[in-house]
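Notes for the one structure printed next.
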Amino acid sequence: MLRSVPFKMISTVIALLISLAVLFSVGRIMGRIDEQSRQAGLQTARNAIERTVRQCYALEGTYPPNLAYLEAHYGLSVSLERYTVYYEVVAGNLPPIIDIRLAETPFEMMPTDEWGAADGT
């Protein structure tokens with residue numbers, strides 16, 4: 001009778017450890033799937049903006065002044081709750097600077113000189 005009690009305890013502990021390992025593995029896999037989904041959505045939004053900017057340039061001969069113009073005239077729809085979009089027009093005949101990130105990822109501000117140009121340091 002004394003030998004069966006330690007065996008039951010050991011088997012219970014082993015079953016508990018296996019269950020914890022399985023739960024931990026499932027949690028990690030779900031985290032990876034979530035991150036891959038977020039990155040795929042980010043890439044889709046980036047492609048949509050870039051494609052719409054090129055379409056505007058092809059049809060109008062100038063790059064769009066801002067994202068609102070693309071939304072109003074070309075039907076672009078980007079979830080600003082999910083993504084933060086940086087859109088800077090350089091000139092009408094040069095492609096704009098576009099950067100899009102997940103909303104929880106802040107943009108690092110570049111130091112600028114008194115004229116607003118990026119500081120080379």
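Here are the numbers for this structure:
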{"item": "At R0 = 41 Å, FRET efficiency that the Cβ-Cβ distance of Ile10 and Ser37 yields, to 0.05", "result": "0.50"}
{"item": "For peptides 54-67, 10-23, sequence by mean Cβ density within 10 Å, most packed first", "result": "54-67, 10-23"}
{"item": "Directionally averaged projected area (convex hull, Cα atoms, the stretch 4-102), nm²", "result": "8.2 nm²"}
{"item": "Full-extension gain in nm, Glu71 to Leu59, via 0.36 nm per residue minus C-alpha separation", "result": "2.8 nm"}
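Every number here is computed from the coordinates shown, using simple stated rules; none is lab data. Predicted model, so just to flag it, every value in this text is computed and none were measured. Here the Cβ is made from the backbone with ideal geometry for all residues, glycine too, and neighbour counts use every protein chain on show.
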